[in-house]
Structure formats: structure tokens, C-alpha cells
Amino acid sequence: MTSIAIIGPGALGGTVACWLAQDREHRITICARTPFERLEVETPKGTLRATPEVATDPASVQAPVDWVVVATKAYDASSAALWLKPLLGPATRVIVLQNGVERVAHFAGHVPEDRIVPAVADIPAARSAPGHMVQHRLGWIVVPHGANGDAAVQLFAGTEIDVSAVPDWQSRAWAKLCLNCAGAFTTLTMRATGPVWSREVETLVRGLVAECVDVGRAEGAMLEDSLIDQVVEGARNAPEGAGNSMYADRLAGRPMELDARNGVIVRLGQKHNIETPINALFVTLLSASGSPWIDRQQD
Ligand SMILES: NC(=O)C1=CN([C@@H]2O[C@H](COP(=O)(O)OP(=O)(O)OC[C@H]3O[C@@H](n4cnc5c(N)ncnc54)[C@H](OP(=O)(O)O)[C@@H]3O)[C@@H](O)[C@H]2O)C=CC1
Ligand SMILES: CC(C)(CO)C(=O)C(=O)O
């Protein structure tokens, strides 16, 4: 039996938890802020259901687990970490599924770094109610190559999610951020980019991504120039209604992951003396938008 605790059973975490719960060899504990009775996920492979144990108080956790999966928003890393003390045993490994490029930094103060498995997830999912998710695409997860990464791949072997361990994980994390940072445009305008596309829109989207590529390269990521064109083409062809999780957050009046997805580019750009005026512009405009957002996680 493998024990797994999922901290943050929302759109992504709830979807992943429900897939993992299909394996009878897994004993799943949900660590939730908002309680619910059961998990139900509409997936491209049909509806999955599970009734794992749901805890809402770290004090109620009985014993350490083999694996922890963290899937809160990046800005909730500190509150998520409050679960780790009772969950962590001497061999517990922690998979961090959040977006951004600071997964390890968010948890290094709480977990030995050699037991943190940072994971890039491309699994578009939305939550309709606590415990109820829609998974729009099976998607994939990549983790760093190595013993822990390979073990994480095995953990998901019974799911339909494509999980793999890659040698240059940092580059994959930055490539995902290039996709996510462009989402600031839709989040600001609350419109999909396709129907409003113009040369001026392209300039802004291209600028968001190009700045991310420049900073990512300065951080050591290997990023092709073609990545910029790929993200721009995706934005050009984005149909009405196409959004991202930060757009969904703003629409729902939830805090936005503005710092994890755009502010981090500005911050790390400053570290490398790289100007990032377009990401800075979107951070300024979205932070002034009146929507709730969480400033940088002060760990
Ligand atoms: N949704 C998507 O399509 C994708 C999201 N991501 C990334 O995954 C991360 C999670 O996003 P997403 O799933 O959309 O977000 P959601 O808001 O849907 O889920 C976050 C969950 O974390 C819970 N939570 C917050 N703080 C705590 C805490 N201290 N203890 C326990 N639970 C807590 C929330 O509780 P509550 O129910 O009370 O709000 C919520 O259930 C983000 O970094 C996002 O960028 C990555 C790929 C795709
Ligand atoms: C773009 C998407 C859905 C890809 O998984 C994502 O990462 C997000 O919206 O947070």
C-alpha cells in the first residue's frame, strides 16, 4: 500500500487525486481547506469517482505518508506547508505541481530539497464545486530525471495522465511559464486573444513571451526562439472562451497568481539586469484592476 496526501484538492489537485485514487494500492488522504464528501471528475476518458479520506485540520493527520502532492496556488505555498509537519516521514517525497518556476524555493524551508519533486503539469482542468472537476484534456506532467522523478512516474503509472521524467526539467518549467505568462493578456481584457487579434495585440503577446525567454535563458533554461512563435500562434488562434486558470481566477473573483506567472519574470529579470517592461506593465495593470491578487509569497 502506498500512502499519498494531496494538499489543495482543487481543479488540478482534485483531478490528480481522483486519478491516483483509482489504484487500490494507493491510500489517499485529501488535505483540504474546504471540506467535501467525494471526488468526481469528468475526464476525456469518462467520469471518475472516489471517496478518499478528507482532512481539513493538519492536527487530525495521524501518520506520515509516502508521498505528498501539493497543488495549491503558488500564493498558498505557506499555508500549504502547515500540513507538512505531520505528513512528513524520513522518506516522504513531496511533488509540487504548482505553476511558475519557484516550486522548490516555496518548500525548501519545509522539506529537504533532495525530497522535493518539482513537477510541470499541463492538465487543463476547472473546478465547478468542491470535489467536482472537469478535466478538459488528459495532459501531461514532467518531473526531473532521477530516482525521485522516476519513482513519481511509477506513482502515476495506473493513471491515463502522461507522466515522464526528463533530463532538462528546468527548461520545461520555463517553457511552461512562457505559455502561462501570455495568459496575462486574456486575464486583463477578459477576452480570448483570437477574436481581438491585431498587430498591436501580437506585439504585446510576443513581448510577454520574449521577455520570459530572455530571463529563462539567463536562469539557465534552454529555450528555442520557435517557442515564442508557438505561443503567439496559439494566442492568435485562441477561440472565444479560451482562457487559462488565472483568467478563471479573476472571473471568479479569486486571487490571481500574478506574481508566480508574470511578476517572477520581472523579479528575476532585475536579478540579471534584463528589462521586462511588458510583463511589468501587465503586473501593474492587473494589480490595479481591483481584482484580488496576492503579492509575492513572503516565505
Ligand atoms: N487549473 C488548471 O488548469 C491548471 C492549474 N495549474 C496550476 O496548479 C495550481 C493549482 O491551480 P488550480 O487547481 O487551478 O487552483 P484551485 O484554486 O482550483 O485549487 C487550489 C486548491 O488549493 C486549496 N487550498 C488553498 N490553500 C490550502 C491549504 N492551506 N490547505 C489545503 N488546501 C488549500 C484550495 O482550497 P479552496 O477549495 O478552499 O479554495 C483549492 O481547493 C496553480 O499553481 C495553477 O497555476 C497548472 C496546470 C493547469
Ligand atoms: C494553460 C494551462 C491550462 C495548461 O495546463 C495552465 O497551466 C493554467 O491555466 O494554469
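Over all other residues within a Cβ to Cβ distance under 10 Å of P144, the charged ones net out to -1, with Lys and Arg as +1 and Asp and Glu as -1. Each residue was assigned an accessible area with a 1.4 Å probe, and for L251 the value is about 120 Å². Given a 1.4 angstrom probe, what's the average accessible area per residue across the chain, in square angstrom? Result: 44 Å² of accessible area for each residue.
Divide, for the chain, the radius of gyration over alpha carbons by 2.2 N^0.38 Å, where N is the residue count. Walk me through the intermediate numbers first.
Numbers: Rg = 18.6 Å, N = 299, 2.2 N^0.38 = 19.2 Å.
Working it through for the chain, the quotient is 0.97.
Among the protein heavy atoms, those of S289 account for about 40 Å² of accessible surface (1.4 Å probe, every chain in place). Expressed in units of 2.2 N^0.38 Å, where N is the residue count, the Cα radius of gyration of the range 151-241 is 1.27. A Förster radius of 30 Å, combined with the Cβ-Cβ distance separating E275 from S164, puts the computed FRET efficiency at roughly 0.30. Rolling a 1.4 angstrom probe over the range 120-194 with all protein chains present gives an accessible area of which 55% lies on carbon and sulfur atoms. When the square roots of the Cα gyration tensor eigenvalues are ordered a ≥ b ≥ c, the ratio a/c for the range 54-149 is 1.5 or more and a/b does not exceed b/c, which makes its shape oblate. In this label model, R199 and T47 are separated by 5.1 nm, measuring between points 7 Å along each Cα→Cβ vector. Count Lys and Arg as plus one, Asp and Glu as minus one, and take only other residues whose Cβ is under 12 Å from that of D229; the net charge is then -2. Taking all protein chains together, K73, K176 sort by accessible area into K73, K176, largest first [probe 1.4 Å]. With the Cα gyration tensor of the range 190-299 giving a ≥ b ≥ c as the square roots of its eigenvalues, does the rule (a/c under 1.5 for rounded; else a/b larger than b/c for prolate; else oblate) give rounded, prolate or oblate? Because a/c hits 1.5 or more and a/b fails to exceed b/c, the range 190-299 counts as oblate.
Work out, step by step, the length gained on full extension between S128 and S79: first 0.36 nm times the residue separation, then minus their alpha carbon distance; give nm to one decimal. Walk me through the intermediate numbers first.
Working: separation 49, 0.36 × 49 = 17.64 nm, distance 2.29 nm.
Result: 15.4 nm gained on full extension.
The portion of the accessible surface of the range 240-296 made up by carbon and sulfur, rounded to a whole percent, is 55 (1.4 Å probe; DNA, RNA and ligands excluded).
The values are calculated or read from the model by the stated rules, or taken from the named source; none is laboratory data. Remember, predicted model here, so these are calculated numbers, not experimental data. Counting neighbours? That spans all protein chains shown, and the Cβs are built from the backbone with ideal geometry, glycine included. Accessible surface is based on the protein model in full, side chains and every heavy atom, while ligands, DNA and RNA are left aside. Shrake-Rupley method; radii C 1.70, N 1.55, O 1.52, S 1.80 Å.
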